[in-house]
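Data block below; observations after.
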Amino acid sequence: MTLLIVTLLSVIGGAICCFAGYKIFRVALCLMGGCLGAYAGMMLYNVLSGTEIGFMHMQYSELITVLVCAVTFAALAFGFYMKAVVAVVTLICGWYFYTDSRTAGIRLPWTSPVVTILVALVFGLVIGFAVYFLQKWAIIIATSFIGAKIITSVLVPYLLALVSGHQGEIVLKMLTGELAGNAEVVVSLASVLLLTGAGIAVQMSGKK
């Protein structure tokens, strides 16, 4: 139930970001914050569900945790607007850099996951400041890419699970980027590139 709601909201929010991110950037930023909050909520629940906290073992506790985190992140992103741009874009792009490098099996010149996380954050920070200072083209490209990543992150595991007949731990795959094999990597990359290109084209045509 919770995963289905997160998936639907992510697809809707991702589509709006991808194809109308520049035109309604404040709303797109709010949606990106909400998606980020939903992922954070699912991870928080996975951590706290193993504790003795009573609420975490009640019915709908996972859904409530996810929704509270999603609404909180979305409200902060909407309220702070341009002040939140760098933080939201940094976290999202940094997270995808971190998970994608693991998914693709890229061998980095270091072994420490802490260093990988720091490099991912620096990567995200560069994009975040580019969006903040350059705007226009940077916003169009960033929102198209982030929207495409949000959509593919939740849909690709589902689609390939349906084809293969193995559902697996979809939540874990969605959050960590640990896809099962080369087929998922190729499908995910192709989907991101196609959606990002389509998003840029649509946003550019509507910007005139």
Response to the item:
Only one of (1) within 18 Å of the chain's Cα centre (by Cα); (2) among the polar types (S, T, N, Q); (3) surrounded by fewer than 20 Cβ atoms within 10 Å (Cβ to Cβ); (4) at pLDDT 75 or above does not apply to residue 101, and that is (4)
Discussion item. With the structure loaded, tell me whether residue 116 is part of a helix (DSSP H, G or I), surrounded by 23 or more Cβ atoms within 10 Å (Cβ to Cβ) and β-branched (Val, Ile, Thr) or whether it fails that test.
Written reply: no
Item to complete: Go through segment 144-193 and count every residue that is assigned to a helix (DSSP H, G or I), modelled with pLDDT under 75 and polar (S, T, N, Q).
Response: 3
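Matching residues to (1) of a type in the set (Phe, Trp, Tyr); (2) surrounded by 17 or more Cβ atoms within 10 Å (Cβ to Cβ); (3) more than 22 Å from residue 152 (Cα to Cα):
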| residue | (1), (2), (3) |
| --- | --- |
| 2 | no, yes, no |
| 5 | no, no, no |
| 16 | no, yes, no |
| 50 | no, no, yes |
| 60 | yes, no, yes |
| 67 | no, yes, no |
Discussion item. Quick check on residue 117: is it at pLDDT 75 or above and under 20 Å from residue 15 (Cβ atoms)?
Written reply: no
Discussion item. For the list (1) surrounded by fewer than 18 Cβ atoms within 10 Å (Cβ to Cβ); (2) within 30 Å of residue 114 (Cβ to Cβ); (3) modelled with pLDDT of 85 or more; (4) not aromatic (Phe, Trp, Tyr), I need the number of the one condition that residue 23 fails.
Written reply: (2)
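The values are calculated or read from the model by the stated rules, or taken from the named source; none is laboratory data. These numbers were taken from a predicted model, which means no experiment stands behind them. So basically every Cβ, Gly included, is an ideal-geometry build from the backbone, and we count neighbours across all protein chains shown.
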